[in-house]
Amino acid sequence: MTLKYIKTCFFLLVLSGLTFSSCYKESDWLGDNTTTEGKHFPVIAGFELVTEGGPFSEGTSVQLDLDFWSLDAISSIKLYERVDGGDPVEVASFGYTANFQDDSQTDELIMSYTIPSLPADTVQITLDAEVVNENGLTRNTKDGDTSNRPSITFTAVK
């Protein structure tokens, strides 16, 4: 092997290493949860269906558990439904009441949701929660890149 060949291989190895490492995006918790004005986004720590079973029939009430926190004051919590992939519709809004849980170090809100009249015999219902801060910043469960907890989806029947 010649010295020129070794230098070329080394250069290509370094260049490929830089190329592949520039594609990796590290998580930036501070950047994802604050703004340049010093405002803070709320954080959703958990969102789950408490009521066991399913599929659920029209008129059935199910319980949802939302765990969240924020460094800034919280204004409200909203609940949205999407029936069979339709547009989201706000079905409930809750004023903020502190309910701190020592075990999870979050505030907790237990919500009741009643299965509405259904357009078909069997449908998929997706529920999303949104926490709204007084500073105008929000966090919801439907945007995968802004929340660590997904929407709740279940089957409902007539």
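The values are calculated or read from the model by the stated rules, or taken from the named source; none is laboratory data. Computed from a predicted structure; not experimentally measured. Every residue, glycine as well, gets a Cβ built from its backbone with ideal geometry; the counts of neighbours run over all protein chains shown.
For this structure, a couple of remarks:
- Among the numbered conditions (1) modelled with pLDDT of 90 or more; (2) within 25 Å of Lys39 (Cβ to Cβ); (3) out of contact with any strand residue (DSSP E or B) (no Cβ under 7 Å at 6 or more places or on another chain), the only one that Ala120 does not meet is (2).
- Of the strands (runs of 3 or more DSSP E) lying entirely inside the range 20-85, those containing at least 2 residues that are among the hydroxyl-bearing types (Ser, Thr, Tyr) and either at pLDDT below 90 or in contact with a strand residue (DSSP E or B) (Cβ under 8 Å, 6 or more places away or on another chain) (or both) are 74-83.
- Complete set of residues in the range 86-125 that are without any contact (Cβ under 8 Å) to a residue 24 or more places away in the chain, under 22 Å from Ile44 (Cβ atoms) and outside any strand (DSSP E or B): Asp87, Tyr96, Thr97, Ala98, Asn99, Asp102, Asp103
- The set of residues in the range 110-128 that are among the aliphatic types (A, V, I, L, M) and either surrounded by 18 or more Cβ atoms within 10 Å (Cβ to Cβ) or on the phi > 0 side of the Ramachandran plot (or both) comprises Met111, Ile115, Val123, Ile125, Leu127.
- Some residue of the range 90-100 being of a type in the set (D, E, K, R), under 25 Å from Thr153 (Cβ atoms) and buried (at least 18 other Cβ atoms within 10 Å of the Cβ): no
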